[in-house]
1. Any chance you could count how many residues in the stretch 48-76 are more than 25 Å from residue 93 (Cα to Cα), outside any strand (DSSP E or B) and either free of Cβ contacts under 8 Å to residues at least 12 places away in the same chain or in contact with a helix residue (DSSP H, G or I) (Cβ under 7 Å, 6 or more places away or on another chain) (or both)?
2. Inside the stretch 81-109, can you point out the residues that are over 17 Å from residue 23 (Cβ atoms), in contact (Cβ under 8 Å) with a residue 12 or more places away in the chain and out of contact with any strand residue (DSSP E or B) (no Cβ under 7 Å at 6 or more places or on another chain)?
3. Does the stretch 32-44 contain at least one residue that is out of contact with any helix residue (DSSP H, G or I) (no Cβ under 7 Å at 6 or more places or on another chain), in a strand (DSSP E or B) and touching a residue at least 40 places away in the same chain (Cβ under 8 Å)?
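Here, each number is a calculation from the coordinates, and none is a lab measurement. Bear in mind that the values here come from a model prediction, so they are computed numbers and not experimental data. Cβ sites come from the backbone with ideal geometry, for glycine too, and all protein chains shown count toward neighbours.
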C-alpha cells in the first residue's frame with residue numbers, strides 16, 4: 001500500500017506506507033517527515049524519492065543495532081552537494097487489539113549524502 005492514510009495514533013496524523021523489495025511493510029509518519037524537512041529543508045520536494053528509496057533502495061544493517069537498517073537511493077536532483085538519500089528504518093513488532101504480534105517498521109530519520117565513485 002502506498003500513499004497517505006489516516007492510520008496512527010488517532011490524532012489524524014498522516015502516514016505513508018510502502019513495502020520494501022523484501023516484502024517488509026514500512027511507514028513514514030508525518031511527524032518523522034516534518035522533522036526531516038525541518039532539519040534538512042532541501043528534502044522538502046523529495047518525499048516520493050524517500051518512498052522510492054524504501055521500495056527499491058539498497059539497504060545495509062546497522063552493525064550496532066541489528067533492528068536498524070539504512071536504505072540508500074540515488075537522487076540526481078540533489079546534485080552537486082549530495083548524490084543519495086539515506087532513509088533509516090527501525091524494524092520492530094507491536095501488539096494489535098487482538099493480542100497478535102504484528103510488524104511495526106518505521107522511518108526514524110532521513111538525510112542525504114554524497115557517495116564518491118557513483119557518478
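1. Residues meeting the conditions: 3.
2. Once the filter is applied, which keeps residues that are over 17 Å from residue 23 (Cβ atoms), in contact (Cβ under 8 Å) with a residue 12 or more places away in the chain and out of contact with any strand residue (DSSP E or B) (no Cβ under 7 Å at 6 or more places or on another chain), the stretch 81-109 yields only 81.
3. Scanning the stretch 32-44 turns up no residue that is out of contact with any helix residue (DSSP H, G or I) (no Cβ under 7 Å at 6 or more places or on another chain), in a strand (DSSP E or B) and touching a residue at least 40 places away in the same chain (Cβ under 8 Å).
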